[in-house]
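These notes concern the structure reproduced below.
Readers should treat all values here as calculations from the given coordinates under stated rules, not as data from a laboratory. Because the structure is a prediction, the values reported are computed rather than measured. Here the Cβ positions follow ideal geometry from the backbone for every residue, glycine too, while neighbour counts run over all protein chains shown.
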Amino acid sequence: MAEIRLQKVLAQAGLGSRRRCDDMIAHGRVEVNGEVIDVMGARVDPATDVIRVDGKRIPAPNDHAYVLLNKPRGVVTSMADERGRPDLSSILAGREDRLFHVGRLDTDTSGLLILTNDGELAHKLAHPSFEITKTYVALVDGMVPETLGPRLKAGIELDDGPAQVDRFQVKDTSRGRSIVELDIHMGRNRIVRRLLAAAGHPVIELTRTAFGPLHIGSLSSGAMRDLTRDELGALFDTVDEA
């Protein structure tokens, strides 16, 4: 992509009129590749230069789609399930763009799933070497003691090697069940379910509530929305820093 004026890039990103973007630059709020730009007329290549306003990354303009879905329980993470089970095709029916899912969620696991047609970003987000942190909330069997957190952080040996969480919190315990929240960066198959089962607390229900900088928030089950500019910028930062 050829170099264009910085003000134009900011305006195209929806940050306001050219005059307002001029003011942002004049007040030192804009950085390009880590350097504050406070003079008019600077030219940038938005495809390769990292541009930030007030510290937040402005993603390069492109024709890709980036969608956050709250996957319901019982839906297979597939565009066409061979066994005829409910899959993502019914949720995406009516969209003209062809999206694919980033990673997977178990059929019985609900929550945050990223859909995109940006193959390069999808590869980075799903590849184990990038170790992006995910947050899960689980309803588990048994009264979970506070001592389980340090045990899970230290690691538990599974059949495919040791596994551990980055953060663990008991949210509630009642009537022989507990609600726990955990952060984990490992992407191995059914890792959260296997880890909690090995700790003596099998999962009853599991929901992924965050993926890197993205949070499911109040998005209802089965609903989806486009990522915001700030969310997309933060997502690109995540893979660049990994």
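Here are a few things to note about the model shown:
- Cβ crowding within 10 Å averaged over residues, with 137-146, 11-20, 25-34 ranked highest first: 137-146, 25-34, 11-20
- For the chain, the 222 nm mean residue ellipticity estimated from helices alone, with every DSSP H stretch of n ≥ 4 adding -39500 (n - 2.57) and the total spread over all residues, rounds to -6500 deg cm²/dmol.
- Taking amide H positions as modeled 1.01 Å from N, with prolines and chain starts lacking one, the residues under 5 Å from residue 211 and 5 or more places away or on another chain are 135.
- Listed values for segment 137-151 are Karplus-derived 3J(HN,Hα) couplings in whole Hz (6.51 cos²θ - 1.76 cosθ + 1.60, θ = phi - 60°), namely 10, 10, 9, 10, 7, x, 8, 6, x, 4, 6, 5, x, x, 5, and x replaces Gly and Pro.
- Lys, Arg +1 and Asp, Glu -1 on Cβ, resulting dipole of the chain about Cα centre, debye, nearest 20: 600
- Tail beyond 20 Å, pair distance distribution of segment 133-211 (Cα, percent): 20
- Local electrostatic count, residue 184, Cβ distance below 9 Å [Lys/Arg +1, Asp/Glu -1]: 0
- Coarse-grained scattering of segment 1-135 at q = 0.10, 0.18, 0.20 Å⁻¹, given as base-10 log I(q)/I(0) from a Debye sum over alpha-carbon atoms: -0.49, -0.97, -1.08
- Charge sum, other residues only, whose C-beta stays under 13 Å from residue 50's C-beta, Lys/Arg counted +1 and Asp/Glu -1: -4
- Net charge contributed by nearby residues that have their C-beta within less than 11 Å of residue 224 (K/R +1, D/E -1): +2
- For segment 4-58, the calculated P(r) over all alpha carbon pairs, in 10 Å bins from 0 to the bin holding the longest distance, is 28, 67, 5 percent.
- Separation between Cα centres of segment 37-73 and segment 152-179, rounded to whole Å: 36
- Relative contact order computed over segment 155-242 (Cα-Cα under 8 Å; 6+ residues apart), in percent: 18
- Highest-fluctuation residue, 59, 162, 46 considered, GNM on the chain with Cα pairs under 10 Å: 162
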